[in-house]
């Protein structure tokens, strides 16, 4: 698994450290801040892939921070708060949060949500970063004719040149059937 950078912005040191431990155990690089201003400073300096942001914090609250980061960044944001009122959830989601977790929460549920958001975001980002020309994505299979690379679920797969040519032919002509003779001169 790639090591993604996760920012946790939470003013309660115990919760901040606890989330950090769970994330590190999952292989994530963790950056911590205790208010929105510190969080924004970290975002400016580091490549962040996902942020977990508490709503109620001193100096700058989580809603303000999320609105500010959405001016420049698209990575997923999970709002974290003790508030369970529906209006707070709606506000958070409307200003750009991708998910919402209410305290107290089960740490493994938060980790599952982090994993889910990152999986979706990295797939979207990978598709957006690539030129659609000569890059083919079918389910978890990705073939790049420019770099001669193939991956399945993000993991590189080694192919012989002939295997690559055959896979390329098949992926460019979905649903079409080829005889062995048609494939050999590829």
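None of the figures in this text is laboratory data; all of them are computed from the coordinates on show. Here the structure is a predicted model, which means the values were calculated and not measured. Cβ placement follows ideal geometry from the backbone for every residue including glycine, while neighbour counts extend to all protein chains displayed.
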Exercise. Work out how much length residue 70 to residue 87 would gain on full extension: take 0.36 nm times their residue separation and subtract the Cα-Cα distance, in nm to one decimal.
Key: 4.1 nm
Quiz item: Classify region 5-125: rounded, prolate or oblate, from the alpha-carbon gyration tensor (a ≥ b ≥ c, eigenvalue square roots; a/c under 1.5 rounded; otherwise prolate if a/b is larger than b/c)?
Solution: rounded
Exercise. Compute the length gained on full extension between residue 108 and residue 134: take 0.36 nm times their separation in residues and subtract their Cα-Cα distance, giving the result in nm to one decimal.
Key: 5.4 nm
Exercise. Write down the Kirkwood hydrodynamic radius of region 135-183, to one decimal in angstroms, obtained as one divided by the mean of 1/r over all alpha carbon pairs.
Key: 11.3 Å
Exercise. Would you mind calculating the gained length between residue 17 and residue 47 on full extension (0.36 nm times residue separation, minus the Cα-Cα distance), in nm to one decimal?
Key: 8.7 nm
Quiz item: Between residue 95 and residue 151, what is the FRET efficiency for a Förster distance of 25 Å, r being their Cβ-Cβ separation, to the nearest 0.05?
Solution: 0.10
Self-check item: Fraction of beta bridges assigned by DSSP in region 5-125 that are antiparallel (%, nearest 5)
Solution: 0 percent
